[in-house]
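A quick write-up on the structure given underneath.
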Amino acid sequence: EQINIKLPKSKDTVVSSVQDLIESEVVDALMNQGNTYDEAVNLFRNGGLNIYTTIDSKMQDILEGEYENTSNFPNTIVGPDGVLQPQSAMVILDYRTGEIKALVGGRNIKGRKTLNRATTPQQPGSTIKPLSVYTPAIDTEKLTQATSLSDKRGGYKFSTNSKWNPSTTTAGSGYMTLRKALAYSSNTIAVKTAEMLGDSYEDCVDIMLDYLKNFGITSLKDSKTGDINEGDRRFPALTLGGMTYGVSPLEMASAYGALANGGVYIEPTIFTSITTYDGQTLVNSNPDEHQVVDEQVAYVITDML
């Protein structure tokens, strides 16, 4: 779909969220062509550019309609700041190409340059486990999906985790396979699995961080200060998702998309090309693409999910 930047729509928050992301990505792309920030912004706003977006207008319309339907959000209230609660965001992308097909940044928030929850880090919680724990465990062949571990609290390998002593999300019912532990989102088995990734606490943390980075997660606070509880270099953050900043819905969708795509990560993109008013190409989208894990590992994790 072609959008003339000189004639932007301003229908509502959803379209604004899409436009704000387009503007951000286009300005960055123009700066990568050697323009200063001011020059890139001026080109975007006044250059008569045509942006060929990846947005599917039919999908976007459907998504907007569902977000405008308050029956989809029971017990909606207006918070003291005037913002509807509960809030929500959604991203739909084609995992085979990385193209963003539809995006919602929030509910009933008017105007441009507002908070875009689709691109803002949120606490991922247990959704981090398949990416940071189970994928590296299967990929490095430390464990298999049939390996059984105790779901009971305690019995951790590292003293720091014993002091932390996370509780289980199940009834502490004894041994279960990794496959079942993922289905039940067992906290204890996620931690015990992660402890088997390396010889030391630091080794395990490094491995989990490396996998998350390869999955395209850019919001990690990875600072080495000698304190094992610094930033996201710690088990509570990497195994249970209690991170410093979190992960955006967009990056989380791309990370899981890599598993669906046979282990190949493709950087999400919202435009395919930028041309001048007379059709000359300025920029063609060139998203990063790399193999995170091989196809067999991706298949196993996807099957477990």
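The values are calculated or read from the model by the stated rules, or taken from the named source; none is laboratory data. Since the structure is predicted, the reported quantities are computational estimates derived from the model, not experimental observations. Cβ sites come from the backbone with ideal geometry, for glycine too, and all protein chains shown count toward neighbours. These area figures cover heavy atoms from the full protein model, side chains too; ligands, DNA and RNA do not enter into them. Shrake-Rupley method; radii C 1.70, N 1.55, O 1.52, S 1.80 Å.
Quick one: length gained pulling GLN87 to LYS157 fully straight, 0.36 nm per residue minus the C-alpha distance? Don't skip to the answer; put the middle values down first.
Values: separation 70, 0.36 × 70 = 25.20 nm, distance 3.92 nm.
Gain in length upon complete extension: 21.3 nm.
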Using heavy-atom solvent-accessible surface (probe 1.4 Å) with all chains present, what is the largest-first order of THR120, THR54, THR70?
-> THR70, THR120, THR54
Solvent exposure, largest accessible area first (probe 1.4 Å, DNA, RNA and ligands not counted), of SER16, SER126 = SER126, SER16
Using a cut-off of 12 Å between beta-carbons, work out the net charge of the residues near GLU251 (Lys and Arg +1, Asp and Glu -1, GLU251 not included).
-> 0
Could you pull out the GluC sites (Glu not before Pro) across the stretch 141-214 that fall in loop regions by DSSP (anything but H, G, I, E, B) with no more than 12 other Cβ atoms inside 10 Å?
-> GLU141
LEU149 accessible area, nearest 10 Å², 1.4 Å probe?
-> 20
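Kindly state, to the nearest 0.05, the FRET efficiency for TYR175 paired with ASP278, given R0 = 51 Å and r defined as their beta-carbon distance.
0.15
Computed over the Cα atoms, what is the radius of gyration of the stretch 82-143 divided by 2.2 N^0.38 Å, N being its residue count?
1.55
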Please work out which option in (i) 27.3; (ii) 23.2; (iii) 18.3 gives mean projected area of the Cα convex hull in nm² calculated from these coordinates, and answer with its label.
-> (iii)
Rounded accessible area per residue of the chain, 1.4 Å, Å² = 48
Under a point-charge model restricted to the Cβ atoms of Lys and Arg (+1) and Asp and Glu (-1), what is the dipole moment magnitude of the chain relative to its Cα centre, in debye to the nearest 20?
-> 1080
How much length, in nm to one decimal, is gained on full extension between ASP199 and GLU289, taken as 0.36 nm per residue of separation minus their Cα-Cα distance?
-> 29.3 nm
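Which FRET efficiency value, to the nearest 0.05, is calculated for GLU66 and TYR37 with the Förster distance at 30 angstrom and r the Cβ-Cβ distance?
Working: r = 36 Å, r/R0 = 1.20.
Here the calculated transfer efficiency is 0.25.
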Heavy-atom accessible area of the chain with neighbours in place, 1.4 angstrom probe: carbon+sulfur share in percent works out to 49
